[in-house]
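Input: a single structure, listed below in structure tokens.
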Amino acid sequence: MGPLIQQVCLLTFLILFNACSSVADMQLVVPPDPVVTSAGHDVILPCHLSPQTSAVNMYIRWFKEGEFANPLYLYLGGKVTEGKGYEGRVSVFTQELESGNISLLLNNVMASERGSYKCHASYMDWIQELPVVLQVKQQGSVPRISMRKHHRVFIQLSCSSENWYPEPDMLWTDSSGKEITSAETERPKQKEGGDLYSITSHMRIGMDQLEGVTCVVMSQYQGTKMESKLQMTEEFYMSSLPDRVYISAFVIPVFLGLLCITASVLSLFHQRRVVRETLKPLDDMNTKLKAMDQDLIKKTEELTYKDKLMGITETIPDSVWSLMVDHAVDVTFDPDTAHVKLSLSDDNRRLKFGEFKEKKDCENIKEKCKGTKHKFKFNQCVLGMEGYEKGTHYWEVDLGKKTQWSVGIAQDTEKRDNIQMYPENGFWSICYKDKELKTVEQSSTFLPIELKPEKLGVFMDYEGRQITFFNVEKKCHIHSFYGMFTKKLYPFFGPLIDCKEELKISPVVQRDKPSTSGNC
């Protein structure tokens, strides 16, 4: 029996030695690149033993990196445990465990489940775990195009799309498929505590370029894209007519106001007739009633006049234009306020930047400026000769083809230099510079370039606290300032630097014929 026992022990030792050697040579193998899938799909996280070895008796654990204590899937001796939230969604290929395949099948993947997962396997003293990166993509919603704002010559569009992963890109294309580079696309955003991205882009485009405009949203990483094409309908064009907006905003309230006034006048006329028939012997009462009638008629006429004058729509009616032109005044430049580089004509109605050819001329002008405290010394400007502290006044300025200018009204002040020429400092003006028409204030309002005038009309209503600018050729309103006037107001002119074209005071002409110019 002795030799037989020795042979059995030796055989057992050799078997255990071979098993340990085989286990020591085993390696886990996982893919080096991320595993990519779409939300809602099933995915396999590959992991297998090399060389091919049975994993039936091994301890297998799948868990998200950093969450070893909360595994997705456990396998030990044929017993399976599924992690919380993964019930019925995780499994291994049990029939392939014999061949060393311990890959994990994850069903109905969610975008939040992206990340790095660990494949862990152990047997006796042998333990290994390797990471498998899962990337989950999700295609978002069809982009929606909406209108943010429309003007008479352009429209602002907005496009948005939600529920993308990873971050998408967005762009606009025209009817030929070419990208519109002027669009402004916001950085993709995630809702607080969410994983999915939303994206929005804005664009301004001319009304004549809307046909064929398309918004495209895509994920370069995902390799997919979605697009929406702007659909133009008859209702859209009808709603874009600026005349309808002006009619709703101005004409209807004015009409209702006049209707109420007319009803009041008719009611008063009726009361007057009743009183006159009742109190015929009382001449003094009749006299008072007549005075009341005249006063009411006068107030009605004044209200009608102001309604016509201030209820200006896009193209000013000839009747309103005539009322405004009736307040025309004769304006000339005041040489005592002119900057030294400005050259004025003999009649003080034309000016431009002067060119001093001799040093002596410059010295003479500098000497002349020393005794004039009212001149503009730093700003290339000049005021009108006469100022106004009441009433309504109108004048016109011939700008011609000048490439830059500034025209408006300035409040009388001792300090005219080293200040910003803004309304809060007593300067109300508009300017044209670098091919832009805008107001001169801290936050300038950019005006439609189509309103740029060759002849500018300026209307001032002191008591009404209003300064208004007009395009004389087209008979249309450009811009209005509203403020509190406490001092005398003067016409204000600034040709700006390096412009050699003349700026001229234009005589105001009463226009009786209807305007044939195009609408603004």
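The values are calculated or read from the model by the stated rules, or taken from the named source; none is laboratory data. Treat the numbers as computed from the prediction; the structure is a model and nothing was measured. Cβ coordinates were reconstructed from backbone atoms using ideal geometry, including for glycine residues, and neighbour counts include every protein chain displayed. The area values use the complete protein model at the heavy-atom level, side chains included, leaving out ligands, DNA and RNA. Shrake-Rupley method; radii C 1.70, N 1.55, O 1.52, S 1.80 Å.
Do you know which of the residues in segment 350-393 that are part of a helix (DSSP H, G or I) and basic (K, R) is modelled with the highest pLDDT?
That would be K366.
Residues that are over 23 Å from L323 (Cβ atoms) and open to solvent by 30 Å² or more (accessible area, probe 1.4 Å), at least 2 per element: which strands (runs of 3 or more DSSP E) completely within segment 402-491 meet that?
436-439
Which of the residues belonging to segment 115-129 are closer than 16 Å to V36 by Cβ and buried (at least 20 other Cβ atoms within 10 Å of the Cβ)? Can you show your working first?
Going through segment 115-129, the residues closer than 16 Å to V36 by Cβ turn out to be 115-117.
Answer for segment 115-129, where residues must be closer than 16 Å to V36 by Cβ and buried (at least 20 other Cβ atoms within 10 Å of the Cβ): just Y117.
Taking I261, is it assigned to a strand (DSSP E or B), surrounded by 13 or more Cβ atoms within 10 Å (Cβ to Cβ) and modelled with pLDDT of 70 or more?
Numbers: assigned to a strand (DSSP E or B): no; surrounded by 13 or more Cβ atoms within 10 Å (Cβ to Cβ): yes; modelled with pLDDT of 70 or more: yes.
No; evaluated as a whole, the condition is false for this residue.
Take G77 and decide whether it is at pLDDT below 90, more than 60 Å from the chain's Cα centre (by Cα) and not acidic (D, E).
yes
Take F255 and tell me if it is open to solvent by 80 Å² or more (accessible area, probe 1.4 Å) and either outside the structural domain of M170 (by the TED database) or at pLDDT 70 or above (or both).
So F255 fits the description; yes.
Starting from residues that are out of contact with any Ser or Thr (no Cβ under 9 Å at 6 or more places or on another chain) and of a type outside the set (D, E), keep the ones in segment 124-150 and report whichever is modelled with the lowest pLDDT.
If we take residues in segment 124-150 being out of contact with any Ser or Thr (no Cβ under 9 Å at 6 or more places or on another chain) and of a type outside the set (D, E), then K149 is modelled with the lowest pLDDT.
Would you pick out the residues in segment 146-178 that are within 16 Å of the chain's Cα centre (by Cα), in contact (Cβ under 8 Å) with a residue 60 or more places away in the chain and under 19 Å from T224 (Cα atoms)?
Result: C159, single match.
Given the conditions (1) modelled with pLDDT under 90; (2) more than 25 Å from L344 (Cα to Cα), report the number of the one that G494 does not fulfil.
Here G494 meets the rest and fails (2).
Please enumerate the residues belonging to segment 63-110 that are aliphatic (A, V, I, L, M), open to solvent by 10 Å² or more (accessible area, probe 1.4 Å) and over 15 Å from H48 (Cα atoms).
The answer is A69, L74, L76, V80, M110.
Could you tell me how many of the residues in segment 506-520 are at pLDDT 75 or above and open to solvent by 20 Å² or more (accessible area, probe 1.4 Å)?
Qualifying residue count for the region: 3.
Could you list, ordered by first residue, the pairs with Cβ atoms under 7 Å in which the first is in segment 67-85 and under 21 Å from S112 (Cα atoms) and the second is open to solvent by 50 Å² or more (accessible area, probe 1.4 Å) and assigned to a loop (DSSP other than H, G, I, E, B), at least 6 apart or interchain?
Close Cβ pairs (under 7 Å, with a partner that is open to solvent by 50 Å² or more (accessible area, probe 1.4 Å) and assigned to a loop (DSSP other than H, G, I, E, B)) amount to G83/N70.
Could you go through segment 179-199 and let me know if any residue there is open to solvent by less than 50 Å² (accessible area, probe 1.4 Å) and free of Cβ contacts under 8 Å to residues at least 12 places away in the same chain.
yes
Yes or no: C499 modelled with pLDDT under 90, buried (at least 16 other Cβ atoms within 10 Å of the Cβ) and either among the aromatic types (F, W, Y) or within 22 Å of E396 (Cβ to Cβ) (or both)?
Yes: the conditions hold for C499.
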